[in-house]
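Comments concern the structure below.
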Amino acid sequence: MRYTPAALALSLVAAISASASFSAPPEQLDPRAAALVEEGRTAARAGDLDSAIDAYESALTVQPGSVSVLLGLADATRRTGMQGKAVHYYRAALEADPRNLDAISGEGLALAEKGALDKAGRNLTRLKSLCGNDCPQAQALATAIASGPAKPRVLTAEAVTPKPVVSEN
């Protein structure tokens, strides 16, 4: 009993010092990685998602584990229709920065597009607890969940049947 006040004080100091470690300084990209990220952003804005993915993957080799690079790569892969791969990249970003709103929202968007609306709803709940109902990430995810899963792109055999060509020898 006589150690209770000392133990409480010590645990308070440990809690305060532990919470201070969550506020890390902003990530500084290597100049080569920054150039590749900018190249990826430019390609993504132009609609060339394959080139954007290549640039982001190259930046990831220069600076492994970079949250901003992982988010760009995840967004580009999600936009190409590879939601499973995008979820993988979003989760890797969340391992490095668990409170990143863009990563939580992006993972939820990919899950909603994939059809996992319950899991996307969990991400929406998490977003609302972190930033409230009015943040743009929560609003975008709520809209995606309300619209439902993306229409699957189905390719039929008739669409790729080659047309016979007659040629003379």
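The table for this structure:
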read-out: Accessible area, probe 1.4 Å, largest first, for residues ARG122, ARG78; value: ARG122, ARG78
read-out: Accessible area of segment 39-169 divided out per residue, in Å², using a probe of 1.4 angstrom; value: 60
read-out: Computed E for ARG32/ARG122 - FRET, C-beta separation, R0 30 angstrom, nearest 0.05; value: 0.20
read-out: Accessible-area ranking of VAL166, VAL160, largest first, probe 1.4 Å; value: VAL166, VAL160
read-out: Cα pair count fraction exceeding 12 Å, expressed as % - segment 89-128; value: 50
read-out: Which of THR42, THR80 is most accessible, then next, and so on - probe 1.4 Å; value: THR42, THR80
read-out: Estimated distance in nm for a label pair at CYS131 and VAL160, the labels positioned 7 Å out from Cα along Cα-to-Cβ; value: 3.9
read-out: Eligible aspartates and glutamates near LYS119 by straight Cα distance, threshold 17 Å, same-chain separation 8 or greater; value: ASP102, GLU107
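The values are calculated or read from the model by the stated rules, or taken from the named source; none is laboratory data. Computed from a predicted structure; not experimentally measured. All Cβ positions, glycine included, derive from the backbone under ideal geometry; neighbour counts span all protein chains shown. Areas reflect the complete protein model, heavy atoms only, side chains present, ligands, DNA and RNA absent. Shrake-Rupley method; radii C 1.70, N 1.55, O 1.52, S 1.80 Å.
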